[in-house]
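Step one of this worksheet: look at the structure below.
The values are calculated or read from the model by the stated rules, or taken from the named source; none is laboratory data. Just so you know, these numbers come straight off a predicted model, no measurement behind them. Here the Cβ positions follow ideal geometry from the backbone for every residue, glycine too, while neighbour counts run over all protein chains shown.
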Amino acid sequence: MIWDDYCQNCAAGLLRLVHSQALAQLCEDKVLEFRFRRALSMLEEASIRTMEGKIALMQNQGHTVDPRDVLPGGPLAEIVMTEEGSRLFRALNQTVLRVQRQEQQFGLTPRAAAMVDIASSGKISEDFEEQLCG
């Protein structure tokens, strides 16, 4: 699916067989970016559940609780302050930057697309994927 989306969005006539490895790497990096984002979302949800548990416990003990006191800065701030969360954020940011650079090389960003000047019908070579996949 990611492969198909990139192939359809590349400037017409830009893709050649020699680009297959770079395009495959871009697709793999995009999947990695999605996984990092999903992991971050799961950590955030776990942090929220922990915060809600702390609030419920304190309220059961008769305390008035302000959620900002339980989790100052919110769940993402708590995640980033942990070693694992910090590593995840760095890995996500590095992957996003790598994907952006690769997308620029394929003319997939607005600026890069404006710079690609190919006078073509807008179709990708019909046998491109067949050449790549056999």
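The table for this structure:
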item: Subset of segment 24-44 [farther than 12 Å from W3 by Cβ and either exposed (fewer than 14 other Cβ atoms within 10 Å of the Cβ) or in contact (Cβ under 8 Å) with a residue 60 or more places away in the chain (or both)]; result: D29, L32, E33, F34, R35, R38, S41, M42
item: Number of positions in segment 2-36 that are in a loop (DSSP other than H, G, I, E, B) and either of a type in the set (D, E, K, R) or under 15 Å from the mean Cα position of the chain (by Cα) (or both); result: 1
item: Residue match in segment 60-71 (condition: part of a helix (DSSP H, G or I) and either modelled with pLDDT of 80 or more or closer than 26 Å to A24 by Cβ (or both)); result: yes
item: Which numbered condition S47 misses (of (1) surrounded by fewer than 15 Cβ atoms within 10 Å (Cβ to Cβ); (2) in a helix (DSSP H, G or I); (3) among the small types (G, A, S)); result: (1)
item: Number of the exception - T82 against (1) under 21 Å from R111 (Cα atoms); (2) polar (S, T, N, Q); (3) out of contact with any helix residue (DSSP H, G or I) (no Cβ under 7 Å at 6 or more places or on another chain); result: (1)
item: Test: residue in segment 4-11 that is among the aromatic types (F, W, Y) and under 21 Å from R111 (Cα atoms); result: yes
item: Any hit, segment 34-48, residues being under 21 Å from Q104 (Cα atoms) and of a type outside the set (G, A, S); result: yes
